[in-house]
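Report on the structure given below.
The values are calculated or read from the model by the stated rules, or taken from the named source; none is laboratory data. Model, not experiment: these values are computed from the prediction. Cβ atoms come from the backbone with ideal geometry, glycine included; neighbour counts cover every protein chain shown.
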Amino acid sequence: MSAPLSNVRPPTDTLLTTIADYVLDPTPPSDEALDTARWCLLDTLACGIMALAYPACTKLLGPVVPGTTIQNGARVPGTAYELDPVQAAFDIGTLVRWLDFNDTWLAAEWGHPSDNLGAILAVTDWLSRNQAAGAPVAAFQSKIEFPKSKITVRDLLVAMVKAHEIQGVLALDNSFNRVGLDHVLLVRVASTAVATALLGGTREQIVNALSHAWVDGSALRTYRHAPNTGSRKSWAAGDATSRAVRLALIAMTGEMGYPSVLTATTWGFQDVSFKGKPVTLARPLGSYVMEQILFKISFPAEFHAQTAVECAVKLYPQVHNRLDQITRIELTTHESAIRIIDKTGPLHNPADRDHCLQYMTAVGLIVGNLTAEHYEDRFAADPRIDTLRAKMVVTEDKSYSRDYLDPEKRSIANAVQVFFTDGTATEKIAIEYPIGHRRRRKDGIPLLRQKAETAFTAHYGKSKSDELSSLFADLPGLERTSVHNFSAMLAALSAPRS
């Protein structure tokens with residue numbers, strides 16, 4: 001007869017308490033991290049504003065029940081929506097992620113840390129608006145007292161640095177995709193931690209909320225890979241950051257947590273979902289990830305392909321008038337690119353195309369650019385694209401793969417060379433670091449600002465675009481701005497049409 005199971009409550013998993021202590025630590029981020037967070041916020045908002053031009057995205061936005069209104073609700077940038085913070089987080093997170101144009105983190109597990117802005121902006125705007133209105137207690141039966149002091153954009157930037165750090169450091173050693181789990185798990189974990197802290201949660205409440213984030217497990221990755229690639233990958237992060245706000249609000253009611261959610265034998269996350277491997281933090285939590293973040297500045301493309309498209313655009317002047325003379329195109333890349341975006345056969349939708357190395361490279365060679373419109377069915381019908389795809393040979397350069405994993409380099413190298421029927425060939429164009437890499441910040445930030453100005457002008461008009469650009473150019477002024485005033489600047493007079 002087996003011994004009865006012990007029901008002694010175990011100590012809290014160290015990972016939970018480490019993250020809770022970090023989000024409560026008042027030590028300010030590094031100056032570099034805060035400055036980078038400023039540009040990250042600008043870039044992330046620009047990505048969301050650009051997504052408003054796509055009905056496939058806007059049809060998902062707004063209240064769950066049409067016509068529902070929330071007093072002092074959280075606003076969704078570029079729209080007239082005022083929503084509860086749970087739904088606002090979904091909308092903001094979905095906008096940010098829709099075009100696959102926001103920042104990227106590449107490690108053992110990759111992801112997009114600015115996805116967490118869904119939770120951060122929704123919660124800070126909701127709190128800031130209610131604080132300004134003098135509201136004493138929030139809804140959801142949560143014991144939340146709205147803060148007496150002004151909530152500023154600096155608070156928002158600090159929360160971004162912390163969310164980036166939690167998601168990115170967890171990704172350094174833990175590869176959830178290798179066991180079929182989607183990286184939005186880390187968005188939910190990071191957003192849960194910072195959202196609970198922003199709501200005024202105690203250390204215990206943050207730990208409890210985090211335990212629920214891990215209890216939720218993770219979505220499968222099948223919607224990111226052939227043969228099932230689809231548009232869920234564009235709203236999955238919105239779903240994760242929205243769930244994080246809900247869990248934070250639940251924890252704020254005093255709901256219990258689960259101390260050994262990760263390590264419990266048989267029933268914990270590690271045994272059930274991670275093949276028994278421990279979930280670890282590769283380094284102390286600080287400002288590392290925001291300082292190192294990768295921006296997608298030039299192209300809305302899966303990040304492993306950024307330098308390949310840049311190579312193709314460089315080759316465009318030599319090849320666009322000779323497309324019918326091409327016999328072979330050699331793409332030299334790194335292991336992760338081969339595993340994730342090396343794809344043959346039919347491509348069924350925009351989400352399929354923006355995760356195909358060959359498609360993105362072909363567009364660069366044909367038109368000398370790559371934009372979100374180039375993934376739409378109308379452009380994808382151009383027969384030249386598949387003709388070039390059929391002539392592409394993809395090979396791994398082991399040194400590219402090593403440098404991709406090297407923490408001192410973190411390169412994302414690709415090379416492209418084109419061969420013609422007359423026996424000639426272009427030079428082999430190789431690029432190690434995309435324009436959004438930390439090593440190219442000096443060149444990248446002016447282009448990032450132009451990306452944002454273009455997006456804002458198209459949606460708001462030049463006057464509002466200039467106002468926003470001036471605000472972001474003044475870091476001290478930006479940091480002093482209350483979140484509710486900042487969010488009001490981003491609002492529009494009407495909801496987007498679906």
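Only residues that are in contact with a helix residue (DSSP H, G or I) (Cβ under 8 Å, 6 or more places away or on another chain) and within 17 Å of Cys311 (Cβ to Cβ): list them for region 421-439, please.
Thr426, Ile429, Ala430, Ile431, Glu432, Tyr433, Pro434, Ile435, Gly436, His437 - these are the residues of region 421-439 that are in contact with a helix residue (DSSP H, G or I) (Cβ under 8 Å, 6 or more places away or on another chain) and within 17 Å of Cys311 (Cβ to Cβ).
Would you check which residues across region 81-111 are touching a Cys at 6+ places or on another chain (Cβ under 9 Å), of a type in the set (Phe, Trp, Tyr) and in a loop (DSSP other than H, G, I, E, B) and list them?
Passing the criteria: only Phe101.
Output the residue which, of all residues in region 7-31 that are surrounded by 13 or more Cβ atoms within 10 Å (Cβ to Cβ) and acidic (Asp, Glu), is farthest from Ala159 (Cα to Cα).
Asp13
Quick test for you: out of Val194, Val215, pick the one residue that is buried (at least 23 other Cβ atoms within 10 Å of the Cβ) and modelled with pLDDT of 95 or more.
Just a single option satisfies the conditions, and that option is Val194.
Is it the case, given these coordinates, that Pro300 is outside any helix (DSSP H, G or I) and touching a residue at least 12 places away in the same chain (Cβ under 8 Å)?
Yes.
I need every pair where a residue in region 112-123 that is within 12 Å of Val161 (Cα to Cα) and without any contact (Cβ under 8 Å) to a residue 12 or more places away in the chain has its Cβ under 7 Å from the Cβ of a residue that is polar (S, T, N, Q) and crowded, with 24+ Cβ neighbours inside 10 Å, sequence separation at least 6 or different chains.
Going by the 7 Å Cβ cut-off, there are no qualifying pairs.
So Val418 passes all but one of these: (1) in a helix (DSSP H, G or I); (2) modelled with pLDDT of 95 or more. Which condition number does it fail?
Val418 satisfies every listed condition except (1).
Of the residues that sit in region 361-390 and are assigned to a helix (DSSP H, G or I) and hydroxyl-bearing (Ser, Thr, Tyr), which one is farthest from Glu310 (Cα to Cα)?
Thr387
Kindly indicate whether Thr69 is part of a loop (DSSP other than H, G, I, E, B) and either modelled with pLDDT under 95 or closer than 20 Å to Val194 by Cα (or both).
In short, yes.
Any residue in region 430-451 that is at pLDDT below 95, closer than 29 Å to Asn130 by Cβ and in contact with a Phe, Trp or Tyr (Cβ under 8 Å, 6 or more places away or on another chain)?
So far as region 430-451 goes, no, none of its residues is at pLDDT below 95, closer than 29 Å to Asn130 by Cβ and in contact with a Phe, Trp or Tyr (Cβ under 8 Å, 6 or more places away or on another chain).
Out of Thr229, Thr192, Thr202, report the one residue that is free of Cβ contacts under 8 Å to residues at least 24 places away in the same chain and among the hydroxyl-bearing types (Ser, Thr, Tyr).
When all the criteria are applied, what remains is Thr202.
For the subset of region 335-347 comprising residues that are more than 22 Å from the chain's Cα centre (by Cα) and more than 19 Å from Gly180 (Cβ to Cβ), which member is surrounded by the fewest Cβ atoms within 10 Å (Cβ to Cβ)?
Ranking the qualifying residues of region 335-347, first place goes to Pro346.
Taking the condition of being more than 17 Å from Val393 (Cα to Cα), assigned to a loop (DSSP other than H, G, I, E, B) and in contact with a strand residue (DSSP E or B) (Cβ under 8 Å, 6 or more places away or on another chain), how many residues in region 303-350 meet it?
Count: 1.
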